[in-house]
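*Asks:* Quick one: the structure is below, questions incoming.
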There are 4 protein chains.
Amino acid sequence: MEEVKEIKILFLGDIVGSAGRKAVKDLLPELVKKYQPDFVVANGENAAGGYGLTEKVAEELFSYGIDVLTSGNHVWKKEFYPYLNKSERVIRPANYGEGAPGKGWTVYTKKELKLGVINLEGRIFMRPLLNPFLVGKKLALELKKETPFILVDFHAEATSEKIALGYFLDGIVSVVIGTHTHVQTSDARILPQNTGYITDVGMCGAVESIIGMKIDQALEMYLTMVPRKLEVEKTGKLKLEGAFVRLNQKGETIFIETFRVIS
Amino acid sequence: MEEVKEIKILFLGDIVGSAGRKAVKDLLPELVKKYQPDFVVANGENAAGGYGLTEKVAEELFSYGIDVLTSGNHVWKKEFYPYLNKSERVIRPANYGEGAPGKGWTVYTKKELKLGVINLEGRIFMRPLLNPFLVGKKLALELKKETPFILVDFHAEATSEKIALGYFLDGIVSVVIGTHTHVQTSDARILPQNTGYITDVGMCGAVESIIGMKIDQALEMYLTMVPRKLEVEKTGKLKLEGAFVRLNQKGETIFIETFRVIS
Amino acid sequence: MEEVKEIKILFLGDIVGSAGRKAVKDLLPELVKKYQPDFVVANGENAAGGYGLTEKVAEELFSYGIDVLTSGNHVWKKEFYPYLNKSERVIRPANYGEGAPGKGWTVYTKKELKLGVINLEGRIFMRPLLNPFLVGKKLALELKKETPFILVDFHAEATSEKIALGYFLDGIVSVVIGTHTHVQTSDARILPQNTGYITDVGMCGAVESIIGMKIDQALEMYLTMVPRKLEVEKTGKLKLEGAFVRLNQKGETIFIETFRVIS
Amino acid sequence: MEEVKEIKILFLGDIVGSAGRKAVKDLLPELVKKYQPDFVVANGENAAGGYGLTEKVAEELFSYGIDVLTSGNHVWKKEFYPYLNKSERVIRPANYGEGAPGKGWTVYTKKELKLGVINLEGRIFMRPLLNPFLVGKKLALELKKETPFILVDFHAEATSEKIALGYFLDGIVSVVIGTHTHVQTSDARILPQNTGYITDVGMCGAVESIIGMKIDQALEMYLTMVPRKLEVEKTGKLKLEGAFVRLNQKGETIFIETFRVIS
Ligand SMILES: [Fe+2]
Ligand SMILES: [Fe+2]
Ligand SMILES: [Fe+2]
Ligand SMILES: [Fe+2]
Ligand SMILES: [Fe+2]
Ligand SMILES: [Fe+2]
Ligand SMILES: [Fe+2]
Ligand SMILES: [Fe+2]
């Protein structure tokens, strides 16, 4: 690995249902052609019907060229636990308690390159998990023994918490990529200690939708406040949102930009 | 109705699953014998498997002598909507938006006595519904045209909000009974303007449980923070918790006390 | 007003403390020169020390060329109420209850052009206010009697709620601009019925900061979880973030783009 | 200490402002006379003006016969930190992060008897602190090396979390006493492994109030939803609420009951 000049990573935001998977299938090839990434990582927490993952859906996504799937608050579907427990390519937020199914990090090897991926979940407006700052730093320091290339998917709601984690891990990990809000932010940048950062990379799924779900159903919910399972919007144009990152051989981000491709 | 000296109401806290229904079946008769209530009202939001209601479960509870079922945040199961829409005996919190299934109040007639029942849901730590203070007062003033006997089930989390609604409706309704926390409070009293009040009447279900659910499953959740559907605890002793209220002919509370009966 | 071809609006995201005000003072002139806006609107909820507004600060911001100040959850400082009550240029979210100080909308006239501005606050992860969808639509229909040019500042946390409001008011108002997260999103667009939309325009203040506040203080809070008042970061580079919108004479958005200017 | 037959503890719920302190001053003597407690512990998180504690207020409460003050979410006032840091008699919830002022437990010695007191804060509807289950158990096992008498004040909102902690620490600590809601529950009991338990002991302060604060101010807040600092209600009758517990020499609860004394 000593001769590696740099590595390139493509990251896709939350893939929402079959529309999101179709977007990956249809649009990822052109991105791969353009960016020639060494690794493709994506957040799959909404890939199966908008809520969670299944074995079949995970395998489908791998078949499109995704190497590692991160996830988030929606990954906890009991029927997925056996797969989550054995997989080295699907991870869940690392800051759940001891005994939670699956694991919160992985080191994925491809053509002799090793990419460490850590998944964390925020606590502001979300579940009271273990402190993502402390868990994240500890894991990062461990993974750095194996590889200088470490990507963190911080699946969180509050911008304040996300930016704070960026600064906290600045100089420790390669890049901190935010997910969960399904809306891409315009703040992709390199932090002072050379860690790449973006608050949220957005989502993959229907363009005319409310974070991937049917507009009329979401509106009905906001008007009545009656809780309901929203269905994935499957019609109309599809989009693929994410970020492209280049790391130098020390694992520092030397380039980061976001993309949005529409079918 | 002019000759009515007073009316007596028995109210049962959240009935949790089959254990809660068994508690009603086994223990309600002795309470009825003791208190001779004119009306039996109960909160049924957890009666079907711990989450929500079904037509079958509602009918079962009516067969045990319950006259009216109130509910709460857990009532929103799609398959229950047709029944909720047509029933005059099962209500849901009134402060959901226009277009929500079912209705938030009822006037139930029994032996020429009319009892108005209003169901409201709190907003602190819960959904951002319509203001329960304003909705509650407006409904109360309407129902008072029909009957002086008005019971409010305020299904809410925060003690502050519950006590505030009690004072707000003091002198307007007969009694404000709190539900939702599944733990009985010791503050049953008559407010200065003669409205009966209690922060929470408790629940009906398993004694050795965590608010009616299996202890080990709830503990696992608190340790891992992985969300999961908890199962109703069905073994061991059962309890029936609630309040007994006497109203004078003006609809004022003249007596209120809580009870807890254990099988 | 019949001959108006189009109107141009410059909107600035949450101005954070003295750093944000300095950014406005230093950087607004070049934006005005570039865009030649008819109106400059800004969110001032953090303009005084990071929390709320004062009369002095509001007047200072007007002196820099801002026409109307919107606000949000942080505006409620008792000493500001007299000014808020009388001002036609500072508004607060319209969906607080009757009796709240100030008002939630204004029609500002400048060179015979009238701009209607409505301020709303989200309820997801925020206070349980009145329904911003219903309040917003009602106000919009009223203001449309006076002017076709209506800007909505939706001060909200959840992307889902913000996008939903955009679709809900699409075709009714001219533009829905999101604020509150202090991070600019990359989704500025024109919705199907010609309403301009962006989830969040970002903030005005220190670049190296956590949503405008001191990094070390915010990190200390995330590590200890001890609540504390954060201080505004005043050093380093400053940024001005916002959106520029052009409306046609029917009040439809015909162009929207975001900007970020750094000192 | 070998000859100790049993120890008796009096615990007072959240003391709210000057009214709460007056209630302690006026009503504690008769309770002490009745119960002859070896230790008096009280929650002081609202003792200074309804929010937090000050050195002066803490010393005042000690002068009335309170031995140890626990606290909660409202204790974090900067000016109190020096005192909190040095005191062995005022503690704050133990599950804040490393670096938080003060400490979360104490062992208080009186007439050769040692009482271990642990303070924990819930996370449901509250701050995302460290896991109170894990922190609480670890501390309990440490303190047991010094004394078999261990009282836990679990300052929490959700009944589910409180009951869960009770079962989790059952057999490990002497008694788990809930605080924070300011409303006394009627569920004081001895759990299967001989740990005493109550969901909430209530508060000390004005009877006609909303959890100790002025009724009209709280109602104004619930109607407008404008946030405001509420003032302590100081007029009318006062109450002292709490629990009395007897432990055997093994540190097991052999008796627990609640009290409410009104002036
Ligand atoms: Fe997602
Ligand atoms: Fe998510
Ligand atoms: Fe319930
Ligand atoms: Fe409930
Ligand atoms: Fe702000
Ligand atoms: Fe805000
Ligand atoms: Fe308190
Ligand atoms: Fe508290």
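Just so it is clear, none of the values below were taken in a lab; they were calculated from the coordinates. None of these values were measured; they are calculated from a predicted model. Cβ placement follows ideal geometry from the backbone for every residue including glycine, while neighbour counts extend to all protein chains displayed.
*Asks:* Placing a label point 7 Å from Cα toward Cβ, how far apart in nm is B:Leu141 from its equivalents in the other copies, listed shortest first to one decimal?
*Replies:* Listed shortest first, these distances are 2.3, 6.1, 6.4 nm.
*Asks:* Could you give each residue of segment A:197-209 its phi-based ³J(HN,Hα) in whole Hz, using Karplus coefficients 6.51, -1.76, 1.60 with θ = phi - 60°, and x for Gly or Pro?
*Replies:* With coefficients 6.51, -1.76 and 1.60, one gets 8, 8, 5, 7, 8, x, 9, 10, x, 5, 5, 8, 7 Hz.
*Asks:* If you take the charge dipole of segment B:8-262 about its Cα centre, with +1 on Lys and Arg Cβ and -1 on Asp and Glu Cβ, which of B:Gly50, B:Ile66, B:Ile210 is farthest toward its positive end?
*Replies:* The residue sitting most towards the positive pole is B:Ile66.
*Asks:* Taking the Cβ of A:Leu28 as the centre, find all other residues whose Cβ is under 11 Å away and add up their charges (Lys, Arg: +1; Asp, Glu: -1).
*Replies:* Net charge around A:Leu28: +3.
*Asks:* Here's a follow-up. Would you please give the FRET efficiency between B:Lys103 and B:Lys78, computed as 1/(1 + (r/R0)^6) with r the Cβ-Cβ distance and R0 = 25 Å, to the nearest 0.05? Intermediate values should be presented prior to the final figure.
*Replies:* On the way: r = 17 Å, r/R0 = 0.69.
Computed FRET efficiency for B:Lys103 and B:Lys78 comes out at 0.90.
*Asks:* Here is a follow-up. If you rank D:Phe62, D:Phe39, B:Phe11 by fewest surrounding Cβ atoms within 10 Å, what's the result?
*Replies:* Ascending Cβ contact count within 10 Å gives the list D:Phe62, D:Phe39, B:Phe11.
*Asks:* As a quick test, which of the pairs B:Lys162/B:Lys250; B:Lys137/D:Lys78; A:Lys144/D:Lys86; A:Lys25/B:Lys78; B:Lys33/B:Lys137 have an alpha carbon distance above 31 angstrom in this structure?
*Replies:* B:Lys137/D:Lys78; A:Lys144/D:Lys86; A:Lys25/B:Lys78; B:Lys33/B:Lys137
*Asks:* While we're looking at this one, here's another question. Semi-axes of the equivalent ellipsoid for segment B:70-127, please: Cα gyration tensor eigenvalues, times 5, square-rooted, ordered largest first, whole Å.
*Replies:* 21, 15, 9
*Asks:* Please say if segment C:192-263 is rounded, prolate or oblate, where rounded means a/c under 1.5 for a ≥ b ≥ c the square roots of the C-alpha gyration tensor eigenvalues, and otherwise the choice is prolate for a/b larger than b/c and oblate otherwise? Don't skip to the answer; put the middle values down first.
*Replies:* Working: a/c = 4.74, a/b = 2.36, b/c = 2.01.
Because a/c hits 1.5 or more and a/b exceeds b/c, segment C:192-263 counts as prolate.
*Asks:* Another question, if that's okay. How large is the translational diffusion coefficient of segment B:1-132 in µm² per second when you combine the Kirkwood radius over alpha carbon pairs with Stokes-Einstein at 20 °C and 1.002 mPa s?
*Replies:* Reported coefficient: 140 µm²/s.
*Asks:* Convex hull over the Cα atoms of segment B:8-262, averaged projected area in nm²?
*Replies:* 12.7 nm²
*Asks:* So which trypsin sites (Lys or Arg not before Pro) in segment D:188-252 are both in a DSSP loop and have at most 13 other Cβ atoms within 10 Å of their Cβ?
*Replies:* In loop regions of segment D:188-252 (DSSP not H, G, I, E or B), the sparsely surrounded trypsin sites (Lys or Arg not before Pro) are D:Arg228, D:Lys229, D:Lys237, D:Lys250.
*Asks:* Could you identify which residue out of C:Val183, C:Val24, C:Val68 has the top mean-square fluctuation in a GNM of chain C using Cα springs shorter than 10 Å?
*Replies:* Judging by the Gaussian network model, the answer is C:Val183.
*Asks:* From the label point of B:Phe125, set 7 Å along Cα to the beta carbon, how far off in nm is each other copy's matching point, shortest first?
*Replies:* 0.3, 2.0, 2.0
*Asks:* Here's something else I'd like to know. Binning at 5 Å from 0, report for segment A:74-219 what percent of all alpha-carbon pair distances ends up in each bin.
*Replies:* Binned Cα distances yield the sequence 2, 10, 17, 21, 20, 16, 9, 4, 1, 0.
*Asks:* For the protein assembly as shown, how big is Rg over Rh, using alpha carbon atoms and the Kirkwood form of Rh?
*Replies:* In the protein assembly as shown, Rg relative to Rh is 0.97.
*Asks:* Restricting to segment B:138-263, what percent of DSSP beta bridges are antiparallel, rounded to 5?
*Replies:* 65 percent
*Asks:* Under the rule of at least 5 residues apart or a separate chain, name every residue whose amide H is placed under 5 Å from the amide H of B:Ile254.
*Replies:* Amide H neighbours of B:Ile254, under 5 Å, 5+ apart: B:Arg246, B:Leu247, B:Asn248.
*Asks:* What share of the DSSP beta bridges in segment A:8-262 is antiparallel, in percent to the nearest 5?
*Replies:* On the way: 27 of 52 bridges.
Once the DSSP bridges in segment A:8-262 are tallied, antiparallel ones form about 50 percent.
*Asks:* May I ask you to sort C:Thr147, A:Thr106, C:Thr70 by Cβ crowding, counting other Cβ atoms within 10 Å and putting the fewest first? Could you put the intermediate results ahead of the total?
*Replies:* Details: C:Thr147 18, A:Thr106 21, C:Thr70 31.
Ordered by Cβ neighbours within 10 Å, fewest first: C:Thr147, A:Thr106, C:Thr70.
*Asks:* In addition: Within a 10 angstrom radius of the beta carbon, how do A:Asp38, A:Asp216 rank from fewest other beta carbons to most?
*Replies:* Fewest to most other Cβ atoms nearby, the residues stand as A:Asp216, A:Asp38.
*Asks:* In the neighborhood of A:Tyr167, defined by Cβ-to-Cβ distances under 15 Å, what is the net charge if each Lys or Arg adds +1 and each Asp or Glu adds -1? The partial results should precede the final answer.
*Replies:* Values: positive: A:Lys137, A:Lys162, A:Arg189, C:Lys214; negative: A:Glu161, A:Asp170, A:Asp187, C:Glu208, C:Asp216, C:Glu220, C:Glu233.
So the surrounding residues net to -3.
*Asks:* Hey, another quick one. Step by step: find N for segment D:96-150, compute 2.2 N^0.38 Å, then divide the Cα radius of gyration by it. What's the final number?
*Replies:* Computed over Cα atoms of segment D:96-150, the ratio equals 1.25.
*Asks:* Another question, then. Net charge around A:Cys204, counting only other residues with Cβ within less than 15 Å of its Cβ (Lys, Arg = +1; Asp, Glu = -1)?
*Replies:* Charge balance in the 15 Å sphere: -4.
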